[in-house]
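Chemist: Please find one structure pasted underneath; my questions will follow.
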Amino acid sequence: MSKSNASVLSETPVEDDLLSKLNKINNNKDIDNKDKIAEMSKLFTESMIPFYKEQCKNVVEGSAHQSFEDALNSDMKAKSARADMIIQKYQVLSMEY
């Protein structure tokens with residue numbers, strides 16, 4: 001993978017760093033493929049998987065929080081509209097009596 005393709009795929013400095021480490025392992029001519037696979041597996045297990053797990057958790061929690069806020073906001077708007085309607089009816093009734 002060329003550097004230009006790598007930069008298109010990454011979105012954060014952490015991803016850039018992890019991708020750089022993978023490329024460094026892959027391009028290392030001093031170790032054989034078996035050792036490259038072992039090092040890449042270790043990088044995935046110790047760095048990439050925990051990073052993406054945390055990112056996924058943040059997205060899910062953020063999305064759930066935003067959904068809750070949207071539902072609460074919608075509910076409050078509905079209650080406010082009902083309260084406004086009650087006030088208007090009260091005003092009309094008080095003007096009649």
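The values are calculated or read from the model by the stated rules, or taken from the named source; none is laboratory data. Small disclaimer: the values here were computed from a predicted structure and weren't measured. Counting neighbours? That spans all protein chains shown, and the Cβs are built from the backbone with ideal geometry, glycine included.
Chemist: Of the numbered conditions (1) at pLDDT below 90; (2) hydrophobic (A, V, I, L, M, F, W, C); (3) in contact with a Lys or Arg (Cβ under 9 Å, 6 or more places away or on another chain), VAL14 fails exactly one; give the number of that condition.
Modeler: Condition not satisfied by VAL14: (3).
Chemist: Collect the residues in segment 22-53 that are charged (D, E, K, R) and either in contact (Cβ under 8 Å) with a residue 24 or more places away in the chain or part of a loop (DSSP other than H, G, I, E, B) (or both), keeping them in residue-number order. Let's see the steps before the verdict.
Modeler: We begin by selecting, within segment 22-53, every residue charged (D, E, K, R); these are 24, 29-30, 32, 34-36, 39, 42, 46, 53.
Matches in segment 22-53: LYS29, ASP30, ASP32.
Chemist: For segment 41-60, which positions are surrounded by 14 or more Cβ atoms within 10 Å (Cβ to Cβ) and of a type in the set (A, V, I, L, M)? Break it down stepwise before answering.
Modeler: Step one: list which residues in segment 41-60 are surrounded by 14 or more Cβ atoms within 10 Å (Cβ to Cβ), which gives 43-44, 47-48, 51-52, 55.
Of everything in segment 41-60, those that are surrounded by 14 or more Cβ atoms within 10 Å (Cβ to Cβ) and of a type in the set (A, V, I, L, M) turn out to be LEU43, MET48.
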